[in-house]
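The values are calculated or read from the model by the stated rules, or taken from the named source; none is laboratory data. No experiment lies behind these values; they were computed from the predicted model shown. Cβ placement follows ideal geometry from the backbone for every residue including glycine, while neighbour counts extend to all protein chains displayed. Just so you know, the surface numbers come from the protein's heavy atoms only, side chains and all, with ligands and any DNA or RNA stripped out. Shrake-Rupley method; radii C 1.70, N 1.55, O 1.52, S 1.80 Å.
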Amino acid sequence: MRPLRAILLTLGVLATLMGLLWIGQGLGYIHWPASSFMLDQRVWADYGAGLAVAGLLMLLVARRLPRR
């Protein structure tokens with residue numbers, strides 16, 4: 001189970017961070033990159049929220065797996 005735990009932790013962290021970036025871009029708080037089509041588009045904030053929740057769920061599942 002060790003490789004599965006490491007994969008879930010890595011994917012969970014990456015998904016959560018990417019979701020937070022999408023939320024920031026969609027709400028207009030983060031303007032990077034300047035030419036992004038996602039800036040000030042509310043739908044991307046919604047997608048980001050879903051991705052961040054999925055990432056947090058992966059982290060929760062990974063933490064519940066046995067460490068051995």
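Some observations on this one:
- Label point 7 Å beyond Cα of VAL61 along Cβ direction - residues of segment 1-31 with amide nitrogen under 16 Å: 1-16
- Contact order normalised by residue count of segment 1-52, Cα under 8 Å, 6+ apart, percent: 40 percent
- Extension reserve of the ARG68-TYR47 stretch, reckoned as 0.36 nm per residue once the Cα distance is removed: 4.1 nm
- Surface share of carbon and sulfur [accessible, 1.4 angstrom probe, percent] for the chain: 69 percent
- Per residue, the accessible area of the chain comes to 72 Å², computed with a 1.4 Å probe over protein heavy atoms only.
- Rounded to the nearest 10 degrees, the angle from helix 42-64 to the longest Cα principal axis of the chain is 10 degrees.
- When you filter the chymotrypsin sites (Phe, Trp or Tyr not before Pro) in the chain for DSSP loop state and at most 10 other Cβ atoms inside 10 Å of their Cβ, you are left with PHE37.
- Rg in Å to one decimal, and Dmax rounded to a whole Å, for the chain via C-alpha atoms: 14.3, 46
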